[in-house]
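Below is one structure, written out as structure tokens, with a few remarks after it.
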Amino acid sequence: MNIRFPFMKYRKIAGIVSIIIFSISVLSLTFRGLSLGLDFSGGTLVEVSYETPVELESIRNTLIENGYEDSQVVNFGTNLDVLIKVADQNGNSSIGEAVYSLLNEKGFEGELKRVEFVGPQVGAELRDQGGLGMLVALFMILMYVAFRFQYKFALRGCNGSWA
């Protein structure tokens, strides 16, 4: 069975699609920016365990009604464990206990598993180290490609002009 697919026939279409997708992503980053998580922006992480499954949407609504608009509520592991991420509010490290007591007052009584405060300086360090790691990885890929492939497979044609 000898099936041939003319890949190079569609190179211009693929190039145009790639440029369009790249342009959309650059515009998205320009206008919307990055959506930084708790690790980068700083905040408090609260893990609560319940005996019966709770409705996450009602916990979200309760937090929003009480001034925690930037909070994220997700299940953690099972549907009995809830992880609440609250954005940093003026460096207040006691937000975790306040959120837990608020939930208990509103009828979401559960067991507090952990409260962790992540400062924005940790996020800055993670960002810097991640960027450095990405640059090192890109450089190593460049070095691999430079040493692995022969010059005759480059984009230059036999007469020295670009293909």
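The values are calculated or read from the model by the stated rules, or taken from the named source; none is laboratory data. Everything numeric in this text was worked out from a predicted model, so none of it was measured. No Cβ is skipped: glycine too gets one built from the backbone with ideal geometry, and neighbour counts run over all protein chains shown.
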Can you work out which of the residues in the stretch 46-99 that are of a type in the set (G, A, S) and modelled with pLDDT of 85 or more is nearest to V115 (Cα to Cα)? S49
Considering the stretch 59-70, residues that are over 25 Å from the mean Cα position of the chain (by Cα) and part of a helix (DSSP H, G or I), and then whichever is nearest to G107 (Cα to Cα), we arrive at T62
Just one of G123, G119, G110 is closer than 30 Å to E65 by Cβ, at pLDDT below 70 and under 31 Å from the mean Cα position of the chain (by Cα); which is it? G123
Output yes when any residue across the stretch 144-163 is modelled with pLDDT of 85 or more and either touching a helix residue (DSSP H, G or I) at 6+ places or on another chain (Cβ under 6 Å) or not aromatic (F, W, Y) (or both), and no when none is. no
Looking at the stretch 64-86, I want the residues that are loosely packed, with under 13 Cβ neighbours inside 10 Å and have a partner that is assigned to a loop (DSSP other than H, G, I, E, B) with Cβ atoms under 7 Å, at least 6 apart or on another chain. Which pairs are those? N79/P53
Are there any pairs, at least 6 apart or on different chains, whose C-beta atoms fall under 9 Å, with the first in the stretch 100-117 and part of a strand (DSSP E or B) and the second of a type in the set (D, E, K, R) and buried (at least 16 other Cβ atoms within 10 Å of the Cβ), and if so, which? L112/E47; K113/E47; K113/D81; R114/E47; V115/E47; E116/E47; F117/D88
